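**Student:** I'd like to ask you about the structure that follows.
The values are calculated or read from the model by the stated rules, or taken from the named source; none is laboratory data. Because the structure is a prediction, the values reported are computed rather than measured. Cβ sites come from the backbone with ideal geometry, for glycine too, and all protein chains shown count toward neighbours. Ligands, DNA and RNA are stripped out before the accessible areas are found, and what is left, the full protein with its side chains, is counted by its heavy atoms. Shrake-Rupley method; radii C 1.70, N 1.55, O 1.52, S 1.80 Å.
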Amino acid sequence: MNKDFSKFQDLKRQAEKKVKIGGIITIIGALSFIVFMPYFFISFFIIVPGFIFIGVGTNAFSKISRTFKSEVLTQLVSSYVDHGVFNPNAGLSIGTVYSTEFVKRADRYHTEDFLSGEMDGVKFESSDVRLEERHVQHTKNGTRTYYETYFLGRIFVFDFNKSFDGYLQVLENGSPHSNRKYRKVKLESIQFNKKFRTYTTNEHSAFYVLTPHLMEALMGFEQNNKGKISFSFIDNLLYIGINNFKDTFELRMFREINEETFKEFERDLMVVKEVIHELRLNNRIFK
């Protein structure tokens with residue numbers, strides 16, 4: 001695929017230059033407030049243009065990032081994923097997110113960077129997900145409402161190659177968010193029990209699904225991916241959540257677009273292949 005990033009790099013630098021100029025103007029305006037305190041309106045006329053420059057630069061950077069995704073990352077996906085679909089402006093439905101049963105319902109949410117297709121014959125879909133909880137704080141000066149992010153990362157949905165009765169969750173922290181009658185169980189691996197909490201509606205199915213190899217693979221996946229990891233086995237689907245407070249497939253401001261940038265996006269995409277191979281989802285013997 002074409003890896004000439006010069007066009008994007010030039011446009012990105014122009015946007016970053018506006019942000020830098022705006023930052024400098026804003027700092028000068030803030031300092032002038034101290035010098036001309038009795039005439040604070042002078043500082044106002046300095047700071048406002050600074051904010052405008054920052055806003056224009058940030059806006060331009062966002063547009064460049066979206067174009068980069070549409071043109072470059074779409075090619076990357078098509079080179080690795082069969083029947084691949086990448087849509088930066090869409091994401092998993094909130095219904096699918098809640099179907100994981102390892103995240104609580106949000107007061108505000110956002111999803112983006114939808115990815116779907118097949119790798120080694122295994123169907124999957126994923127997207128970035130941000131979930132926020134509303135808080136109301138009462139102070140002597142009145143009431144303040146704010147939102148706190150409790151999940152920011154990626155959620156994946158894979159076809160699972162074992163048929164089993166019941167529902168199963170393996171969580172690095174927290175507990176299931178569901179009305180199902182989950183029970184916490186201990187498995188034979190002491191190390192696994194230290195790392196994860198296992199909940200199931202059918203203890204026999206938990207031991208059937210969580211073979212020694214699969215437990216080892218889940219622990220390896222957790223070690224290779226930063227953040228809090230959740231696994232949910234529901235209706236022959238495997239849901240995985242990586243809560244690492246990171247947006248994937250994103251350009252970084254003031255960071256050059258180069259081969260390493262591309263490799264980072266490639267690594268984000270290869271998480272899918274890691275899951276399929278390490279968990280042997282492409283092994284259809286169980287079907």
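**Student:** Condition first: under 17 Å from HIS277 (Cα atoms) and touching a Lys or Arg at 6+ places or on another chain (Cβ under 7 Å). Now tell me which residues in the stretch 105-125 satisfy that.
**Tutor:** Result: MET119, single match.
**Student:** Any chance you could count how many residues in the stretch 238-287 are modelled with pLDDT under 90, in contact with a Phe, Trp or Tyr (Cβ under 7 Å, 6 or more places away or on another chain), in a loop (DSSP other than H, G, I, E, B) and under 18 Å from ILE155 (Cα atoms)?
**Tutor:** Total meeting the criteria: 1.
**Student:** Please go through the stretch 124-164 and pick out each residue that is open to solvent by 20 Å² or more (accessible area, probe 1.4 Å), closer than 30 Å to ASN283 by Cα and either at pLDDT 95 or above or under 13 Å from the mean Cα position of the chain (by Cα) (or both).
**Tutor:** Within the stretch 124-164, just GLU125 meets the criteria.
**Student:** Oh, and also: Given the condition surrounded by fewer than 18 Cβ atoms within 10 Å (Cβ to Cβ) and of a type in the set (Ser, Thr, Tyr), answer yes or no: does some residue in the stretch 240-259 qualify?
**Tutor:** The answer is no, given that none of the residues of the stretch 240-259 is surrounded by fewer than 18 Cβ atoms within 10 Å (Cβ to Cβ) and of a type in the set (Ser, Thr, Tyr).
**Student:** In the list SER79, SER65, SER6, which residue meets the criterion of being surrounded by 14 or more Cβ atoms within 10 Å (Cβ to Cβ) and either within 30 Å of the chain's Cα centre (by Cα) or under 29 Å from LYS263 (Cβ atoms) (or both)?
**Tutor:** SER65
**Student:** Here is a check on your reading of the model: is PRO38 surrounded by 13 or more Cβ atoms within 10 Å (Cβ to Cβ) and at pLDDT below 90?
**Tutor:** The answer is no for PRO38.
**Student:** Hey, another quick one. For the stretch 260-270: of the residues being within 30 Å of LEU168 (Cβ to Cβ) and open to solvent by 20 Å² or more (accessible area, probe 1.4 Å), which is nearest to the chain's Cα centre (by Cα)?
**Tutor:** The extreme case among them is ASP268.
**Student:** Please specify each residue of the stretch 99-111 satisfying the condition of being open to solvent by 40 Å² or more (accessible area, probe 1.4 Å) and touching a residue at least 40 places away in the same chain (Cβ under 8 Å). Spell out the reasoning first.
**Tutor:** Within the stretch 99-111, the first condition is being open to solvent by 40 Å² or more (accessible area, probe 1.4 Å), and the residues that meet it are 99, 104-105, 107-110.
Of everything in the stretch 99-111, those that are open to solvent by 40 Å² or more (accessible area, probe 1.4 Å) and touching a residue at least 40 places away in the same chain (Cβ under 8 Å) turn out to be SER99, LYS104, ARG105, ASP107.
**Student:** Condition check: open to solvent by less than 60 Å² (accessible area, probe 1.4 Å), more than 18 Å from VAL275 (Cβ to Cβ), modelled with pLDDT of 85 or more and not basic (Lys, Arg). Does GLY84 satisfy that? First the steps, then the outcome.
**Tutor:** Values: open to solvent by less than 60 Å² (accessible area, probe 1.4 Å): yes; more than 18 Å from VAL275 (Cβ to Cβ): no; modelled with pLDDT of 85 or more: yes; not basic (Lys, Arg): yes.
No: the conditions fail for GLY84.
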